[in-house]
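Student: One structure, pasted below without further comment.
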Amino acid sequence: MALPQIVQHGRRVARPNAAKAAFTATVKPIAVGRIVRLQVLRGSSWRTVDTVRQDADGRIDFGARASKNDQALRYRVVAGRFRSLPAVKSRPVSTARWLKPTWTDQFGGRSLSPAWSHRGQTYQPASLRRCSKGSAKAVRVGGGAVRLRVMRDPSRATKCPALKNGQIAGRYAYRLNGHIGTDQSFSFRYGFAAARIKFPRLRGQHGSFWMQPIGGMYPGGTGHEIDVTEFFGGTHKRSGLFSYIHRYEAGHIVKTGANISDRFLHGPGDGWGKSFHVFSVQWTPRRLIFRIDGRETWRVGGRISRVPQYLILSLLSSDYELPEIEDRQLPQHMAVDWVRVWETGR
């Protein structure tokens, strides 16, 4: 299966058109260690562009260029002979349907495009943010990226009593958060949404790329919150990276999610706060499939959102997180290189 250009790990900002297309295949029967090749059609012959070994799930993921001279390319997967198993090959697939995204923002220039609006610009105790609020002051565009910040609120000289588990956990400076969305300009239903992000390393805030339904969530509604990625900072016990969905079931909001392993990093020198990674979700009427740099991290089925969703980028400091970081460590930054949507309609 050919997927959009959602493979682009690296330390610096980059053009979204330079990202690699993702390819995923499943070879059965599963034979761990079997050599599998991705081949591209050149003229009348097939040439190998990548080679991997089959994993225990039987799935193989590749990244390769989506086009040449602005023309789509055709690929196939070939699994070599392995013990008693004969060589097999897939049918060819084309990258053509993914060459033109429905919507994109590369964050050029020095200001946000009109597609984005600022969210949550009041202190919201009900949302566990009595000490922080969204503000345009916490959003900066430059160098080919938008930088969302957690910073001190210069208009507040007093300290805020931050609550954790219903108790005052300390008093901290009031904070401004970068929190932007496309709710007033763009939404889509079914397809791929992807963002290339570098998170802040420290705990004490969480950076997110997420979507909410037009019209909001309510009992009996068919719209759900889709958290493509949320990073709460590194810990010594486990990765602080998650994907979630929130949906109503029997009149109550049910939260389903997965903690994403650090095995999706690119080696021991990589990190969610060291490099940009492309976080994406494939949304169909039957399931959501989450990926990082084209590699599947989690999938969920059942009652999937049926209404158009809009995009949100945020770096939020909830009250319960404030004890994890000192005021002197502010500001913190989350960088987003680009955001893209490929709408499929089904």
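The values are calculated or read from the model by the stated rules, or taken from the named source; none is laboratory data. These numbers were taken from a predicted model, which means no experiment stands behind them. In this analysis, Cβ positions are derived from the backbone assuming ideal geometry, glycine residues included, and neighbour counts consider all displayed protein chains.
Student: Could you say whether any residue in segment 149-170 is touching a Ser or Thr at 6+ places or on another chain (Cβ under 8 Å), under 18 Å from residue 314 (Cβ atoms) and of a type outside the set (Asp, Glu)?
Tutor: The answer is yes, given that some residue of segment 149-170 is touching a Ser or Thr at 6+ places or on another chain (Cβ under 8 Å), under 18 Å from residue 314 (Cβ atoms) and of a type outside the set (Asp, Glu).
Student: Now, a different point. Quick one: is residue 53 outside the structural domain of residue 271 (by TED's automatic domain parsing) and on the phi > 0 side of the Ramachandran plot?
Tutor: No; evaluated as a whole, the condition is false for this residue.
Student: Quick one: residue 166 ticks every box in (1) without any contact (Cβ under 8 Å) to a residue 24 or more places away in the chain; (2) buried (at least 17 other Cβ atoms within 10 Å of the Cβ) bar one, so which box is it?
Tutor: All conditions are met except number (2).
Student: Within segment 249-260, is there a residue that is within 27 Å of residue 304 (Cβ to Cβ), in contact with a Lys or Arg (Cβ under 7 Å, 6 or more places away or on another chain), without any contact (Cβ under 8 Å) to a residue 12 or more places away in the chain and not small (Gly, Ala, Ser)?
Tutor: Yes - at least one qualifying residue is present in segment 249-260.
Student: Have a look at 25, 21, 64 and point out the one that is in contact with a helix residue (DSSP H, G or I) (Cβ under 8 Å, 6 or more places away or on another chain) and under 21 Å from residue 342 (Cβ atoms).
Tutor: Testing whether each residue is in contact with a helix residue (DSSP H, G or I) (Cβ under 8 Å, 6 or more places away or on another chain) and under 21 Å from residue 342 (Cβ atoms) leaves just 21.
Student: Looking only at residues in segment 243-287 that are in a strand (DSSP E or B) and within 19 Å of residue 101 (Cβ to Cβ), which one is nearest to the chain's Cα centre (by Cα)?
Tutor: Among those that are in a strand (DSSP E or B) and within 19 Å of residue 101 (Cβ to Cβ), it is 279.
Student: A follow-up question, please. Can you tell me which residue is surrounded by the most Cβ atoms within 10 Å (Cβ to Cβ) among those in segment 306-346 that are at pLDDT 95 or above and aromatic (Phe, Trp, Tyr)?
Tutor: 338
Student: With respect to residue 47, determine if the residue is touching a residue at least 60 places away in the same chain (Cβ under 8 Å) and of a type in the set (D, E, K, R).
Tutor: no
Student: Another question, then. Within segment 214-236, identify whether any single residue is touching a helix residue (DSSP H, G or I) at 6+ places or on another chain (Cβ under 9 Å), of a type in the set (S, T, N, Q), in a loop (DSSP other than H, G, I, E, B) and within 19 Å of residue 321 (Cα to Cα), and answer yes or no.
Tutor: Looking for residues that are touching a helix residue (DSSP H, G or I) at 6+ places or on another chain (Cβ under 9 Å), of a type in the set (S, T, N, Q), in a loop (DSSP other than H, G, I, E, B) and within 19 Å of residue 321 (Cα to Cα), one finds none in segment 214-236, hence no.
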